[in-house]
Amino acid sequence: TRAAVLRDAGDPAGIGQWGAIQTAAPSFGVVELRAVDVRDVGEIERGLTTFARASNSGLIVTGSAPAMVHRELIIALAARYQLPAVYPTRPYVADGGLISYGPDTIDQFRRAAGYVDRILKGEKPGNLPVQAPTKYSLVINLTTAKALGLDVPAPVLARADEVIE
(Lines give C-alpha, C1' and ligand atoms only; values in the text may rest on other atoms or scores of the structure.)
Protein backbone atom coordinates (compact mmCIF):
# COMPACT_ATOMS: atom_id res chain seq x y z
CA THR A 1 0.00 0.00 0.00
CA ARG A 2 3.07 2.26 0.25
CA ALA A 3 5.83 2.87 -2.27
CA ALA A 4 9.00 4.92 -2.28
CA VAL A 5 10.00 6.13 -5.72
CA LEU A 6 13.69 6.72 -6.28
CA ARG A 7 14.03 9.34 -8.96
CA ASP A 8 16.28 12.13 -10.23
CA ALA A 9 14.32 15.32 -9.57
CA GLY A 10 16.74 17.32 -11.73
CA ASP A 11 16.05 15.24 -14.83
CA PRO A 12 12.92 15.98 -16.90
CA ALA A 13 12.50 12.24 -17.46
CA GLY A 14 12.54 11.69 -13.68
CA ILE A 15 9.82 14.29 -13.26
CA GLY A 16 7.75 12.63 -15.98
CA GLN A 17 8.23 9.17 -14.50
CA TRP A 18 7.15 10.47 -11.06
CA GLY A 19 4.00 11.96 -12.59
CA ALA A 20 3.12 8.73 -14.39
CA ILE A 21 3.59 6.73 -11.19
CA GLN A 22 1.42 9.16 -9.23
CA THR A 23 -1.34 8.77 -11.81
CA ALA A 24 -1.21 4.96 -11.87
CA ALA A 25 -0.66 4.27 -8.15
CA PRO A 26 -4.31 4.46 -6.96
CA SER A 27 -5.43 1.86 -9.50
CA PHE A 28 -2.95 -0.59 -7.91
CA GLY A 29 -4.07 0.12 -4.34
CA VAL A 30 -1.07 2.28 -3.47
CA VAL A 31 -2.27 4.91 -1.02
CA GLU A 32 1.05 6.51 -0.14
CA LEU A 33 3.84 7.49 -2.50
CA ARG A 34 7.04 9.12 -1.35
CA ALA A 35 9.63 10.55 -3.72
CA VAL A 36 13.25 9.92 -2.74
CA ASP A 37 15.90 11.78 -4.72
CA VAL A 38 19.01 9.90 -5.84
CA ARG A 39 21.51 12.74 -6.08
CA ASP A 40 23.83 11.39 -3.38
CA VAL A 41 24.37 8.47 -1.02
CA GLY A 42 23.18 10.34 2.09
CA GLU A 43 19.90 11.30 0.47
CA ILE A 44 19.21 7.71 -0.60
CA GLU A 45 20.09 6.27 2.81
CA ARG A 46 18.02 8.82 4.76
CA GLY A 47 15.04 8.53 2.43
CA LEU A 48 14.86 4.74 2.47
CA THR A 49 15.65 4.38 6.18
CA THR A 50 12.83 6.75 7.09
CA PHE A 51 10.42 5.20 4.59
CA ALA A 52 11.08 1.59 5.62
CA ARG A 53 9.93 2.14 9.22
CA ALA A 54 6.31 1.44 8.25
CA SER A 55 5.00 -1.88 6.93
CA ASN A 56 3.43 -2.77 3.58
CA SER A 57 6.14 -0.91 1.71
CA GLY A 58 7.79 -1.36 -1.64
CA LEU A 59 10.29 0.44 -3.83
CA ILE A 60 10.19 1.68 -7.41
CA VAL A 61 13.50 2.76 -8.95
CA THR A 62 13.13 4.94 -12.02
CA GLY A 63 15.68 5.05 -14.80
CA SER A 64 18.41 7.62 -14.16
CA ALA A 65 22.18 7.87 -14.20
CA PRO A 66 22.45 8.51 -10.44
CA ALA A 67 20.33 5.44 -9.66
CA MET A 68 22.58 3.31 -11.87
CA VAL A 69 25.70 4.73 -10.21
CA HIS A 70 24.29 3.94 -6.74
CA ARG A 71 22.60 0.66 -7.69
CA GLU A 72 24.64 -1.51 -5.30
CA LEU A 73 23.65 0.72 -2.37
CA ILE A 74 20.01 0.78 -3.46
CA ILE A 75 19.89 -3.02 -3.79
CA ALA A 76 21.59 -3.45 -0.38
CA LEU A 77 19.13 -1.07 1.33
CA ALA A 78 16.16 -2.80 -0.28
CA ALA A 79 17.46 -6.12 1.07
CA ARG A 80 18.25 -4.71 4.54
CA TYR A 81 14.77 -3.23 4.92
CA GLN A 82 12.99 -6.15 3.20
CA LEU A 83 11.55 -3.86 0.51
CA PRO A 84 10.29 -5.61 -2.62
CA ALA A 85 11.66 -3.46 -5.42
CA VAL A 86 11.13 -3.03 -9.14
CA TYR A 87 13.98 -1.65 -11.23
CA PRO A 88 14.14 -0.20 -14.75
CA THR A 89 16.76 -2.56 -16.24
CA ARG A 90 18.33 -6.00 -15.97
CA PRO A 91 21.68 -5.01 -14.34
CA TYR A 92 19.90 -4.26 -11.07
CA VAL A 93 18.40 -7.76 -10.97
CA ALA A 94 21.67 -9.40 -11.98
CA ASP A 95 23.25 -7.60 -9.00
CA GLY A 96 20.59 -8.93 -6.57
CA GLY A 97 17.50 -6.79 -7.13
CA LEU A 98 14.09 -8.47 -7.19
CA ILE A 99 12.52 -7.61 -10.54
CA SER A 100 13.01 -5.34 -13.51
CA TYR A 101 10.69 -4.31 -16.26
CA GLY A 102 11.79 -1.88 -18.90
CA PRO A 103 12.85 -1.32 -22.48
CA ASP A 104 15.09 -3.99 -23.97
CA THR A 105 18.34 -2.05 -24.44
CA ILE A 106 19.81 -4.57 -26.91
CA ASP A 107 16.76 -4.12 -29.13
CA GLN A 108 17.19 -0.34 -28.93
CA PHE A 109 20.83 -0.64 -30.04
CA ARG A 110 19.79 -2.82 -32.99
CA ARG A 111 17.19 -0.27 -34.02
CA ALA A 112 19.73 2.54 -33.70
CA ALA A 113 21.89 0.79 -36.28
CA GLY A 114 19.12 1.42 -38.82
CA TYR A 115 19.32 5.13 -38.04
CA VAL A 116 23.09 5.12 -38.51
CA ASP A 117 22.60 3.44 -41.88
CA ARG A 118 20.07 6.05 -42.97
CA ILE A 119 22.33 8.91 -41.87
CA LEU A 120 25.32 7.42 -43.69
CA LYS A 121 23.14 7.23 -46.81
CA GLY A 122 22.50 10.97 -46.60
CA GLU A 123 19.36 11.49 -44.50
CA LYS A 124 19.51 14.42 -42.12
CA PRO A 125 19.36 13.33 -38.47
CA GLY A 126 16.87 16.12 -37.70
CA ASN A 127 14.42 14.60 -40.22
CA LEU A 128 14.39 11.16 -38.58
CA PRO A 129 11.45 10.48 -36.27
CA VAL A 130 11.91 9.86 -32.57
CA GLN A 131 11.02 6.27 -31.81
CA ALA A 132 9.71 4.85 -28.57
CA PRO A 133 10.87 1.42 -27.41
CA THR A 134 8.85 -1.44 -28.86
CA LYS A 135 10.28 -4.37 -26.90
CA TYR A 136 10.29 -4.63 -23.12
CA SER A 137 11.99 -7.16 -20.86
CA LEU A 138 10.85 -8.71 -17.56
CA VAL A 139 13.63 -10.17 -15.39
CA ILE A 140 13.04 -11.84 -12.01
CA ASN A 141 15.60 -12.87 -9.38
CA LEU A 142 14.19 -15.90 -7.53
CA THR A 143 16.98 -15.91 -4.96
CA THR A 144 15.99 -12.40 -3.90
CA ALA A 145 12.30 -13.32 -3.93
CA LYS A 146 13.02 -16.21 -1.54
CA ALA A 147 15.10 -13.95 0.73
CA LEU A 148 12.13 -11.56 0.91
CA GLY A 149 9.74 -14.43 1.62
CA LEU A 150 7.88 -13.92 -1.64
CA ASP A 151 6.40 -16.61 -3.84
CA VAL A 152 6.39 -15.50 -7.47
CA PRO A 153 3.27 -16.91 -9.15
CA ALA A 154 3.87 -19.41 -11.95
CA PRO A 155 2.05 -17.26 -14.56
CA VAL A 156 4.43 -14.36 -13.78
CA LEU A 157 7.46 -16.62 -14.08
CA ALA A 158 6.13 -17.93 -17.38
CA ARG A 159 5.93 -14.40 -18.77
CA ALA A 160 9.46 -13.48 -17.67
CA ASP A 161 12.07 -13.04 -20.35
CA GLU A 162 14.71 -14.20 -17.85
CA VAL A 163 14.61 -15.83 -14.43
CA ILE A 164 17.76 -15.65 -12.32
CA GLU A 165 18.05 -18.50 -9.78
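List of remarks:
- Between amide H atoms placed 1.01 Å from N, distances below 5 Å from residue 11 occur with no residue 5 or more places distant or on a separate chain.
- Across all Cα pairs in the stretch 110-165, the calculated P(r) in 10 Å bins from zero up to the longest distance comes to 19, 30, 15, 19, 15, 2 percent per bin.
- The per residue volume of the convex hull around the alpha-carbon atoms of the chain is 133 Å³.
- Principal-axis tilt of helix 12-24 within the chain, Cα atoms, nearest 10 degrees: 60
- Between the Cα long axis of helix 41-51 and the first principal axis of the chain there is an angle of about 50°, rounded to the nearest 10.
- Rounded to the nearest 10 square angstrom, residue 64 shows an accessible area of 20 square angstrom against a 1.4 Å probe.
- Helix-derived mean residue ellipticity, 222 nm - over the chain, DSSP H n ≥ 4, -39500 (n - 2.57), to 500: -12500 deg cm²/dmol
- The chain, relative contact order in percent, only Cα pairs under 8 angstrom and at least six apart counted: 18
- Extension reserve of the residue 68-residue 160 stretch, reckoned as 0.36 nm per residue once the Cα distance is removed: 30.9 nm
- Helix 71-80 and the longest principal axis of the C-alpha atoms of the chain enclose an angle of approximately 20°.
- Coil-residue chymotrypsin sites (Phe, Trp or Tyr not before Pro) of the stretch 77-165, DSSP, other Cβ within 10 Å capped at 16: 81
- Sites matching trypsin sites (Lys or Arg not before Pro) across the stretch 81-160 that sit in DSSP coil, with at most 13 neighbouring C-beta atoms within 10 Å: 121, 135
- A Gaussian network model of the chain, with springs between Cα atoms under 10 Å, assigns the largest mean-square fluctuation among 85, 145, 132 to 132.
- Spin-label pair residue 20-residue 79: with each label point 7 Å from Cα along the Cα-Cβ axis, the two points sit 2.9 nm from one another.
- 3J(HN,Hα) from dihedral phi, the stretch 98-109, Karplus parametrisation 6.51/-1.76/1.60, rounded to Hz, x for glycine, proline: 6, 8, 10, 9, x, x, 6, 5, 5, 4, 5, 5
- DSSP beta bridges fully contained in the chain are about 20 percent antiparallel.
- For the chain, a Gaussian network of Cα nodes joined below 10 Å ranks 114, 19, 47 by mean-square fluctuation, and the top entry is 114.
- Cα-projected label distance for residue 120 with residue 27, points at 7 Å along beta-carbon direction, nm: 4.2
- Taking only protein heavy atoms and a 1.4 Å probe, the accessible area of the stretch 72-126 is 61% carbon and sulfur.
The values are calculated or read from the model by the stated rules, or taken from the named source; none is laboratory data. Here the structure is a predicted model, which means the values were calculated and not measured. Cβ: placed from backbone, ideal geometry, glycine included. Neighbour counts: every protein chain shown. With ligands, DNA and RNA removed, areas are computed over all heavy atoms of the protein, side chains included. Shrake-Rupley method; radii C 1.70, N 1.55, O 1.52, S 1.80 Å.
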